[in-house]
1. Using helices alone, what [θ] at 222 nm do you get for the chain, with -39,500 (n - 2.57) per DSSP H run of 4 or more residues, divided over all residues and rounded to the nearest 500?
2. If I take R0 = 60 Å and measure r between the Cβ atoms of residue 497 and residue 229 in this structure, what FRET efficiency does the formula 1/(1 + (r/R0)^6) give, to the nearest 0.05?
3. Just to confirm, what accessible area per residue do you get for the chain at 1.4 Å probe, in whole Å²?
4. Based on DSSP loop calls and a cut-off of at most 15 other Cβ atoms within 10 Å, the longest stretch of the chain free of exposed GluC sites (Glu not before Pro) is what?
5. To check you understand DSSP bridge types, tell me what percent of the beta bridges within the chain (both residues inside) are antiparallel, rounded to 5.
6. Could you compute the FRET efficiency for residue 558 and residue 461, with r as their C-beta to C-beta distance and R0 at 51 Å, rounded to 0.05?
7. Modelling each spin label as a point 7 Å along the Cα-to-Cβ direction, I'd like the residue 412/residue 106 distance in nm, to one decimal.
8. Looking only at the range 387-545, where both bridge partners belong to it, what percent of the DSSP beta bridges are antiparallel (to the nearest 5)?
Amino acid sequence: KKLMSNTPTNNSNIVLYKENMSIGDLAKELGVSAAEIVKKLFSQGLMVTINTPISYENAEILVLDYNKELKKEETTDVTNFEQFEIIDAEEDLVKRAPVVTIMGHVDHGKTTLLDTIRKSNVASGEAGGITQAISAYQVKHNGETITFIDTPGHAAFTEMRARGASITDIVIIIVAADDGVMPQTREVVDHAKAANVPIIVAINKIDKPGANVEKVMTDLSELGLTPEKWGGDTLYNEISAKNAIGIDGLLENILLVAELKDYKANPNRYAVGTVIESRLDKHLGPIVTVLIQNGTLRLGDPIVVGNAYGKIRTLKNSNGEEITSAIPSQPVEITGINEVPVAGDKFMAFESEKQARSIGEERKKQARLKENTSKTVLTLDALFSKIQEGVKEINVIIKADVNGSSEAVKNSLEKIEVEGVKVNVIRSSVGGITEGDVVLAKASNAIIIGFNVRPSNSIKDYAEEQGVEIRPYNIIYKVVEEMEAAMKGMLDPEYEEKVLGNAEIRQLFKFSKVGVIAGSYVTDGIIKRDSKARVMRDGIVIYDGNIGSVQREKDSVKEVKKGLECGITIENFNDIKVGDIIESYEMVEKER
Ligand code: GDP
């Protein structure tokens, strides 16, 4: 869906019909007196006044008398405005500042770097005295503005992305040279790559004795971030955040990427953007930090923020100064809305307070409804229809028991191509499936493949709650086969095991013709003739096959219930002993 300003019609023969329009309104549109219309309708037997609403049908006939044509006004429902793609004419677009987020392993220097950049680059005269009011700020370097956003971590970054809030243009990955690439560094790389934003590497703490820049470069190259000087295309900076070394170079690289990407926005439209953080003040009410992503936000603008609404009462820049308007890429603090939104919520300013209120209230209503319905992101079964809808890449996260297998699964999946659709592995690593994997999967619409690893129950529940599918496998060709089948839309039905009951073998009867009959006692559930059977000895499965027959006394029966004795044979298996347990189970088709 596209969001464009209503194009007024130039055709003077067309009269616009608006919902609930009155006789008076129509007369105005026609350029005649209301009395004239009232008279006309009277003559047709309609008792109306100037304020009576006129139906579309009646209006249609009426305008014909004036040689005009009636058209219904096309009103766009902007209740779910975040789903609209905003279209701006090329000539309305002007340059905007790049929005940068710094991420990295804890203690690698993110906070110090944010501080150093801010201190050394706020406009002269302001420096020192300014305490940063909000978790985002802007600096000027070589005359260009850069916006920095301090997200509380990459999980929050991805969670925001999961909700469709991509606020970052460029990610800086900070790695301490003395510590090297750590697990969180790897995660950040995954997240940034999944978000498809340019990455700039800052190797920090080069002043420290143990600093090993080469090692960081080698390790990051393995993650696909090969430095330019080694023939790759990732920009690297060697810095000391604490001693303010190499900061200019880093800022220059940001501006370089920005120039290449040519970030633009249209300041001449109602503002849209995203909530970065929010809190409730006892006196001022909700205080919200937002990033303006397009348009200009002005003092007094009616606004919808998430499911809240209001009118901009105060507007402050990141230095805490009162301002009257804010432009794209600018982070600002606002007050004046009726409820506290959450980070990642989108906002949009409107022309009228009435519209903002009705949209805000409608969104609140919809949100309440949605709370009870679960949401599905992507399942293998849904793949085919996604593909038919035009999805060209299937995102997958692989978690495996050992490095070799995660690599192998990755390689084989990446080879699959079905009618132009490919598998895109956004993370492949060793270890159990974590909450972080589920968050990333949700954000990226990905399926998680567990190779020889199974999710814990709590992760399973969490994934289910989030609508993320986890598929466990232990054979590589199965992964490939099922993925291919799903992409072609021919996934075989999936079965799951249902245990029917257990019987304990108490006595053996051997017959030359039928083999060994297990004289058994059903300890729970039922033992069914047409079911599968497992023979267990000391808790270990020694045979897995089918029940041959079940009999009571001399009669063959369909099933025997708990508390009864019976004779059981196992198809093609006679090596049973007294004390073995026979488990009767079935494979039932899983609901999809
Ligand atoms: P964060 O957890 O990534 O935000 O890391 P901090 O910015 O809090 O930094 C962690 C520690 O590393 C602090 O004690 C900093 O003073 C120190 N640190 C940060 N940058 C440098 C640097 O360039 N050189 C040295 N020697 N220490 C640094």
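The values are calculated or read from the model by the stated rules, or taken from the named source; none is laboratory data. What you see is a predicted model, and the numbers here were worked out from it, not measured in a lab. Heads up, the Cβs are rebuilt from the backbone with ideal geometry, glycines too, and the neighbour counts pull from every protein chain shown. These area figures cover heavy atoms from the full protein model, side chains too; ligands, DNA and RNA do not enter into them. Shrake-Rupley method; radii C 1.70, N 1.55, O 1.52, S 1.80 Å.
1. Helices in the chain give a 222 nm mean residue ellipticity of -8000 deg cm²/dmol.
2. About 0.60, to the nearest 0.05.
3. Details: 30730 Å² over 592 residues.
Accessible surface, normalised per residue, equals 52 Å².
4. Values: sites that count: 19, 73, 74, 126, 321, 351, 371, 389, 419, 494, 553, 571, 591.
The longest such stretch corresponds to 127-320.
5. Once the DSSP bridges in the chain are tallied, antiparallel ones form about 65 percent.
6. That pair, residue 558 with residue 461, gives E of 0.85.
7. 3.8 nm
8. 50 percent
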